[in-house]
Amino acid sequence: MSDAPPDNLTYEQALAELEQIVRDLEDGQTGLEESLARYERGVGLLKRCYGQLCQAEQRILLLAGVDEAGRPVTRPFEHAATADPRLKPKSNRPKPS
């Protein structure tokens, strides 16, 4: 029996199965051999989900404007952090008077 997930699983199906495996392992009711088999299956599902997310990220396009004919101009998605690490988080505490 192969631990590799079938190619026809959707992301949602693979994630749901992975979540069930995590719950089963956390439950602690399975024996060692079954736990190891479920863990290996989970690793395969995790790799599959990660790969699908990477593929989806590559397909994301950002709208960059419109050309002279009114058609949308797109550019590839560039992954970058949105938070500026130089900025301190604002506190909701009132300043002392």
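Which FRET efficiency value, to the nearest 0.05, is calculated for residue 69 and residue 13 with the Förster distance at 41 angstrom and r the Cβ-Cβ distance? It would help to have the intermediate numbers written out before the result.
On the way: r = 41 Å, r/R0 = 1.00.
For R0 = 41 Å, the calculated efficiency reads 0.50.
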Furthest towards positive pole of dipole, 32, 56, 69, structure part the stretch 1-76, Cβ charges: 69
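For residue 26 and residue 52, FRET efficiency with R0 = 25 Å and r from the beta-carbon atoms, rounded to 0.05?
Values: r = 24 Å, r/R0 = 0.97.
My answer for the efficiency is 0.55.
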Give me the dipole magnitude in Debye, nearest 20, for the stretch 1-76 about the Cα centre, with unit charges on the beta carbon: positive for Lys and Arg, negative for Asp and Glu. 400 debye
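Since every read-out is calculated from the coordinates, none of them should be taken as a lab result. The shown structure was predicted, so the numbers you read here are calculated from the model rather than taken from an experiment. Neighbour counts run over all protein chains shown; Cβ positions are idealised from the backbone, glycine included.
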